[in-house]
1. Do you know which residues across the stretch A:12-55 are under 24 Å from A:Gly85 (Cβ atoms) and without any contact (Cβ under 8 Å) to a residue 40 or more places away in the chain?
2. Just to be sure I understand, how many residues within the stretch A:224-239 are free of Cβ contacts under 8 Å to residues at least 60 places away in the same chain and assigned to a helix (DSSP H, G or I)?
3. Please verify whether the stretch A:154-170 includes one or more residues that are without any contact (Cβ under 8 Å) to a residue 12 or more places away in the chain and in the same structural domain as A:Thr203 (by TED's automatic domain parsing).
4. Which one is nearest to the chain's Cα centre (by Cα) among residues in the stretch A:84-140 that are within 19 Å of A:Asp55 (Cα to Cα) and of a type in the set (Asp, Glu)?
5. Out of all the residues in the stretch A:227-249, which are surrounded by fewer than 14 Cβ atoms within 10 Å (Cβ to Cβ) and either among the polar types (S, T, N, Q) or at positive phi (or both)?
6. Hey, can you tell me all the residues within the stretch A:240-251 that are part of a helix (DSSP H, G or I), more than 14 Å from DNA strand C (Cβ to nearest atom) and within 19 Å of the chain's Cα centre (by Cα)?
7. Could you check the stretch A:139-190 and list, in sequence order, the residues that are more than 16 Å from DNA strand B (Cβ to nearest atom), among the aliphatic types (A, V, I, L, M) and within 15 Å of A:Glu208 (Cα to Cα)?
8. Take A:Lys224 and tell me if it is out of contact with any strand residue (DSSP E or B) (no Cβ under 6 Å at 6 or more places or on another chain), away from DNA strand B (no atom under 16 Å from the Cβ) and closer than 30 Å to A:Ala305 by Cα.
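The values are calculated or read from the model by the stated rules, or taken from the named source; none is laboratory data. Model, not experiment: these values are computed from the prediction. All Cβ positions, glycine included, derive from the backbone under ideal geometry; neighbour counts span all protein chains shown.
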Amino acid sequence: MRSNGERQYRWADEALAVLDTPEDYHFDEALAYLNRSESECLHQVEGRTVYKALDIGGEPVLMAIGMGIVEEAQGRTVTVRFLNGRPEEERVGRSIAFIREWMDLDTDISGFYRIGGQDPLLGPVIERYRGLRLIGVPSLFEALCWTVAGQQINLAFAYTLKKRLVEAFGSRIVHEGREFMLFPSAEQIASLQPEELRELKFTGSKAETLIRIARLIQEGELSKEGLLELGDFREAEKKLISVRGIGPWTANYVMMRCLRNRDAFPLADVGLHNAIRRRLGRTEKPSLPEVEDMGARWAPWRAYATFYLWSTLTES
DNA sequence: AACCAGGAAACCG
DNA sequence: CGGTTTCATGGT
């Protein structure tokens with residue numbers, strides 16, 4: 001088990017860190033999820049490597065995240081190569097902490113396998129995707145933007161909107177011919193007028209919501225730390241829903257992927273409904289009460305159940 | 001070319 | 001309240 005302050009990595013060479021991973025971990029399952037859209041702009045999958053940039057203390061850290069260097073551990077370990085030079089120790093620590101949170105390397109999910117393994121609908125899915133962990137969106141602002149942008153539109157268009165937002169207001173770093181994108185800060189979006197987002201084809205309501213969220217975060221009225229400190233996740237959900245433009249689906253999606261509440265449940269999620277429909281071999285989507293009943297069986301792992309079911313959607 | 005998309009708010013009886 | 005309509009654009 002992890003203890004605070006304990007190092008979660010060792011150096012294999014000057015710029016290659018090797019991360020400890022939990023048992024029952026399979027990097028390839030994470031890769032498959034990360035690689036599900038061609039339009040993803042905030043990371044890039046090439047072969048069995050993920051390229052990603054972070055802004056750590058105002059300076060970019062460019063990383064190639066890949067497999068273990070020991071053959072027998074391939075797929076069960078994670079390595080991080082720092083492409084633009086090995087940062088000072090504190091920034092390395094923050095980068096590694098980001099990866100561990102992103103990939104959810106510090107949660108014991110054996111309880112999910114126990115509960116879900118018994119379930120007729122979820123059991124086969126767990127069997128198929130065992131070793132997959134819930135890929136997060138550690139930045140609250142990015143998570144909220146992605147979720148609000150994705151309301152009531154198909155995923156392909158959601159990725160297009162995100163890409164336009166990043167290209168218009170984020171930043172771009174080119175290193176050895178490879179392009180890295182950074183998501184805009186809340187401050188950058190807070191100063192915009194809704195028209196500037198409408199030009200990117202956000203709806204008026206989404207444009208206003210994104211700017212509203214950016215301002216709340218800039219003012220410190222909304223923060224990841226603040227939401228986590230509420231302790232009771234129902235309070236965090238209430239706080240999120242109190243923002244105009246954030247409803248139950250968005251709140252639960254963000255709790256699932258950013259606050260890492262393993263029991264958050266985006267009940268109205270169309271992807272979840274389609275995954276359930278297909279697992280049941282039906283033509284009709286399940287009713288909301290049906291989805292609620294299934295969710296009750298999966299508690300307190302409803303977020304993990306949802307994420308595993310999402311993964312089945314990429315199977316033709 | 002109609003129908004739907006990883007919803008939310010406003011509206012209505 | 002609980003159901004219905006509107007928003008708004010692009011993918012398939």
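1. Listed by number, the residues that qualify are A:Asp13, A:His43, A:Val45, A:Glu46, A:Gly47, A:Arg48, A:Thr49, A:Val50.
2. Final tally of qualifying residues: 11.
3. yes
4. A:Glu101
5. Applying the first criterion (surrounded by fewer than 14 Cβ atoms within 10 Å (Cβ to Cβ)) to the stretch A:227-249 yields A:229, A:231-232, A:234-235, A:238, A:242, A:244.
Within the stretch A:227-249, A:Gly231, A:Ser242 meet the criteria.
6. Our first condition is that a residue be part of a helix (DSSP H, G or I); within the stretch A:240-251, this holds for A:240-241, A:248-251.
The next check asks that each one be more than 14 Å from DNA strand C (Cβ to nearest atom); those that pass are A:240-241, A:251.
A:Leu240, A:Ala251 - these are the residues of the stretch A:240-251 that are part of a helix (DSSP H, G or I), more than 14 Å from DNA strand C (Cβ to nearest atom) and within 19 Å of the chain's Cα centre (by Cα).
7. Selection gives A:Leu165, A:Ala186, A:Ile189, A:Ala190.
8. In short, yes.
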